[in-house]
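Since every read-out is calculated from the coordinates, none of them should be taken as a lab result. Because the structure is a prediction, the values reported are computed rather than measured. Every residue, glycine among them, receives a Cβ derived from its backbone with ideal geometry; neighbour counts consider all protein chains shown.
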Amino acid sequence: MTMRLDYSEKRDFTRMEVEFMLDFRLPGAEEMQQARGRDLSGGGVRFETPREMEPGMRLEIVISPQEKLTPPLEATAEVVRVEPAGEGHWVVSCRFLEIKG
């Protein structure tokens, strides 16, 4: 896992640039899908996925740490920005609406 803290940003929460895997569920979907996380903060998450999304969509997100000593982070999030990442992939930025666990 790679991690970099950036304290120069004017944010409510410090963003940690980390690489991790996360699972998300689209509205009305039964199954979770996987994505590669790019960064994480107390206010939201940014990840890369082959799935194009629209701002305003709500997702269920689960981030499971590699170490089983820490429980997974489960949250409801809203897509706030979607940017092309090349080769049919998208970078999706979300803000947390509710952190469940």
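For the pair the stretch 26-43 and the stretch 52-101, the centres of their Cα atoms are 3 angstrom apart. Against the empirical curve 2.2 N^0.38 Å, the C-alpha radius of gyration of the chain lands at a ratio of 1.03. Electrostatic tally near residue 64: other residues with Cβ closer than 13 Å to its Cβ, Lys and Arg +1, Asp and Glu -1, net -2.
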